[in-house]
Amino acid sequence: MSAENAHASHGPKWLQHHFETPIQQFESAKLGMWVFLAQEILFFSGLFVAYGVVRIEYPEAFAAGSMQLNKIMGGANTIVLLFSSLTAALAVRSAQLGKRDEVSRYIVITILCAFAFMVIKYFEYTAKFEHGLLPGQYWNPTHLVGIDAPVEHMHVFFGIYFMLTGLHGVHVLVGIGILTWILIRNNKGEFSKEYWTPVDLAALYWHLVDLVWIYLFPLLYLV
Amino acid sequence: MATATATHAHEPDYLNSKTGIGSWLYTVDHKRLGIMYLASVLFFFAVGGFFALLVRAELATPGETIMSPTMYNKAFTLHGAIMVFLFIIPSIPGALGNFFLPIMLGAKDVAFPRLNLLSFYIYVVGATIAVISIVVNAVDTGWTFYTPYSTRTDTAVVWVTMAAFILGFSSILTGVNFIATVHKLRAPGLHWKRMPLFVWGMYATSVIQILATPVLAITLFLLIMENVLTLGIFNPQLGGDPVLFQHFFWFYSHPAVYIMILPGMAVVNEVLATFSRRKIFGYMFVAMSSVGLALVGFLVWGHHMFVAGMSEYATLVFSGLTFLVAIPSGVKIFNWIATLYKGSISFESPMLYALSFMVLFSIGGLTGLFLGTLATDVHLHDTYFVVAHFHYTMVGGTVFGFLAGLHYWWPKMFGRMYDENLARVAFALVFVGFNMTFFTQFVLGSQGMPRRYYDYLPHFQPLHGFSSAGALVLGVGFVVMAFMFVRSLTSGKKAPPNPWGSAGYEWATASPPIEHNFHEQPVMKRGPYDYHLATDEELFDGFPEEAPAASAEE
C-alpha cells in the first residue's frame, strides 16, 4: 500500500489508505479479530464434541486414560499460561500508556512463559511416547498408573489427547511467532499512545490460546 | 450520489493504473483480486464440467461405455469435489463479492486488503494440492469422504482432504474480511436499511463461512489424522464412530449449501430490481430472510442422515426443522414476484438468468420437501432424485445466479459490452440443456435408479440417454458463452458507466472503475433501489445510445 501515501493530508503513516479515520481502522481490526476468534472456538469445538461423544461411548477407557496423565505437569502449565495471559494484558496496558520499554518487558515474559509451556509439554509427550501410550496402531502400553491392565479402547483417549493438546500446542507456537513479531515492531518504535492496535490483537489471540487450555486441562487431566 | 465524475479527467482505471505481472501477483486491490478469483473459479468450473461430461458419457449406455468402474468412481468424485470446493463456494463471494461489495458500500477497499491477498493465495495452494491429488491417485470416495470407506481406500484421500482443509481457510478469511467491511466501511448515509441486498446476502454468507467452515476444517483434519495415525475416532475397526463423521461433515456441509445459494439469491435481487425498474418489494423481509436462512441452515444437518442410523426422535426433529427452511426461501420468491408486479420489465440476458433462477430454484426447493419428509426420503434417499434436487438448487440456483451476475456486471468489470444476441443463444442452450439433463433425473430417481452407480437396468436406458444428451447441450451452451465473453474483451463495444440504467450504487463509478473506486468519498442520499428518487442523470446517462455524454470522463 506504499503508493497510497501520496495522499499527504490523509493522516498518520500507520493509517491505511482505505480508512477514513484512525478509530475506523481500530474498530475494523478489532471486529475482524473477534470474528476470527469465533472461528477458532468453532475449530476447537469439533474436537470437544468428539471428546464428549467418545467419552460417553467409553467412560472406563477415559477414566483409565486420564489417570495416566501427569497432573503436576498439567497444573504447572496451567499456572504458566494464566500468568502469561496476565503479562500479555499488562503489555496492552503499557502500550496504551505509550511506555515502550514496559511493553517489551511484558512481551518477553509472555514469550518465555510460552516456551516454558512447550518445554513442559515436551517432557509430557516424551514420557507418553516411552510408555507406548499412543493412538491406534501405535498403542503399546508398557507402563500404566493406577490400573493393572489397559482398558479396552483406551487408545482412543490418547488419540483425542494428542489431537487436542497437539493442536493447542501449534497455537502456542503460532502465538510465540506473533508475539516475537510484535516485540520486534515495538522495539522499532512503531507503536505509540495513538497506535497500539497490533499489541491489543496479539494479546486477544494469546488469551484465546490460554482459554482453550483452561478447558483442556480439567477435561483431560481432572474429570 | 455525490461522486462528481466529470471533474476528474483521465484518471486510469484499475486495469491500467499499474502494469506488469508483479502488479497483479502482489496486488491488494479488491477488484484485481476479484478478477483473479474469477479466472480461477472459471478454470475449475471448466475442469469440473469436463468430469461431468465424462460421467454422463459413461452413463449414456448400460455397461462399460468409455471407462472402467474405478475410473468412473474417480470421475464423479472429482466432479463433485472440484465443483463444490474449487468452484461454487468461492465463485460469487470470491469473484463478484470481492469486486462489488466494497464498491456498493462506497469504500475504497475491503477492511483487510492484505488478508484478502493471503486468502487468494491460500485458495491457490489448496487448488494446487487438489490437482496434485489427481496426479497421485485420484480419490474415489465421493465428495463427502464418508468413513469407513475413506479410511480404507488406497486413493489419495489425505491429499484431497488436505486441499479442502486449506481451501476452508481461504473461505473463512474472506468471511472475516466481508463482515468487518460491512460493519465498518460503509459510506456516510449508507445505513443498514439502505444496504444493497447483494451486500446483505454476502454478509449472511460470511456469517456461515465463519461459523461452519472451521468445523469442516477440524473434521477433515481428524480424517487426515485417522488415515495417518489411526486415531480410532471415526474408524470403527479401532472403536471409532463413522456416523460421527457424518454428523461433523454435514454440520458444515449443510450450512455450506447456504454458502452456495445465498450469494446466488443476493445477485438475483440486484438484477431483478434493475431490469424491472422497481424497488425490491419487502426489502427488510428479503434482507432478514438471508440472515434467517443462515441461522436455520445450522439446525438441519441431520436430514442428510435419516437412514444412516439416528434415533427416530432425532429424525423427527430434523425433519420438522428442515421444513422451516421453506419459510425464508418462500419469503424471497414471493417478494421477488411482487417486485416484478407492475414493474417495467426488460429481458436482457442477466434478467433471463435471474428469472430462470426463480423457476429452477423453486423446483429445487420444493423437491427438497420430498427429501425432508421421513417417509418419502426412505424411498428417495441416494437415488437420482437427490442428484436432480441439488443440481436444481446448485446449478439452477447458484450457477444461474452467478451467470446472471457475470452478465450483469461484466461491462462494469471489464468496460466492454458483450454480444447480447449471442448471450441469448448461450442462455437458451444452457437453460434447455440443464432441464433436459436434470429433470430427467427426477423421473429416474423416483423410479428407483440409485445415484453413483456405474451400471443400470436396460429399462432406464432411454432416460439416461436423454439426460446425457442434455449434458451435451449444456456443455455446448457454456462453450458459446465462453466464446461470447472472450470476444467481448477484444472487440466488445465500450461500456458506459451505467449500461442498464440501474439505480444501484456500483453504477455510479466509471466502467471499469478507477483504482480507488470513487474520486471522492460518496455520500448515499437514497437507497440502491429508489428509482423514484434517482435523477435522470444517474439512470440514463449511462445508456448505450447516449454513451458519448457519459463517457466524457474517459
Check your understanding: Which one of A:89, A:63 is of a type outside the set (Lys, Arg) and under 21 Å from residue A:209 (Cα atoms)?
Key -> A:89
Check your understanding: Restricting attention to segment A:183-223, and to residues there that are part of a helix (DSSP H, G or I) and among the aromatic types (Phe, Trp, Tyr), which single residue is nearest to residue A:113 (Cα to Cα)?
Key -> A:206
Practice item. Quickly run through segment B:158-174 and pick out the residues that are without any contact (Cβ under 8 Å) to a residue 40 or more places away in the chain and buried (at least 24 other Cβ atoms within 10 Å of the Cβ). Key: none
Review point. Limited to segment B:242-275, what total is found for residues that are surrounded by fewer than 24 Cβ atoms within 10 Å (Cβ to Cβ) and polar (S, T, N, Q)?
Key: 2
Study note, to complete from the structure: Note: among A:27, A:60, A:102, just one is of a type in the set (D, E, K, R) and within 9 Å of chain B (Cβ to nearest Cβ), namely A:27
Check your understanding: Is it the case that some residue within segment B:23-43 is touching a Gly at 6+ places or on another chain (Cβ under 6 Å), in a helix (DSSP H, G or I) and at pLDDT 95 or above?
Key -> yes
Study note, to complete from the structure: In segment B:70-111, residues that are closer than 30 Å to residue B:189 by Cα and of a type in the set (A, V, I, L, M) total 10
Point to revise | Residues of segment A:88-115 satisfying the condition of being surrounded by fewer than 18 Cβ atoms within 10 Å (Cβ to Cβ) and under 19 Å from residue A:164 (Cα atoms) | key: A:115
**Study point:** Unique match (being surrounded by 17 or more Cβ atoms within 10 Å (Cβ to Cβ) and free of Cβ contacts under 8 Å to residues at least 40 places away in the same chain) among B:370, B:385, B:357
**Key:** B:370
**Study point:** Neighbours by Cβ (under 8 Å, 6+ apart or cross-chain): first from segment B:83-104, farther than 20 Å from residue B:397 by Cα and among the hydroxyl-bearing types (Ser, Thr, Tyr); second at pLDDT below 95 and surrounded by fewer than 24 Cβ atoms within 10 Å (Cβ to Cβ)
**Key:** none
Check your understanding: So is residue B:497 modelled with pLDDT under 90 and crowded, with 19+ Cβ neighbours inside 10 Å or not?
Key -> yes
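Every residue, every condition in (1) surrounded by 22 or more Cβ atoms within 10 Å (Cβ to Cβ); (2) within 21 Å of residue B:255 (Cβ to Cβ), yes or no:
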residue	(1), (2)
B:66	no, no
B:77	yes, no
B:85	yes, yes
B:96	yes, yes
Revision key, fill the gap. In segment A:11-24, residues that are within 9 Å of chain B (Cβ to nearest Cβ) and in a helix (DSSP H, G or I) total 1
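Taking segment B:225-238 on its own, how many of its residues are buried (at least 20 other Cβ atoms within 10 Å of the Cβ) and either at the interface with chain A (Cβ under 7 Å from one of its Cβ atoms) or not in a loop (DSSP other than H, G, I, E, B) (or both)?
Of the residues in segment B:225-238, 7 are buried (at least 20 other Cβ atoms within 10 Å of the Cβ) and either at the interface with chain A (Cβ under 7 Å from one of its Cβ atoms) or not in a loop (DSSP other than H, G, I, E, B) (or both).
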Practice item. Scan A:90, A:47 and give me the residue that is more than 14 Å from chain B (Cβ to nearest Cβ) and within 20 Å of the chain's Cα centre (by Cα). Key: A:90
Check your understanding: If you take the residues of segment B:102-121 that are within 14 Å of chain A (Cβ to nearest Cβ) and touching a Gly at 6+ places or on another chain (Cβ under 9 Å), which of them is surrounded by the fewest Cβ atoms within 10 Å (Cβ to Cβ)?
Key -> B:115
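The values are calculated or read from the model by the stated rules, or taken from the named source; none is laboratory data. Worth saying up front: this structure is predicted, and the values here are computed from it rather than measured. Reconstructed Cβ throughout: ideal geometry from the backbone, glycine too, with neighbour counts over all protein chains shown.
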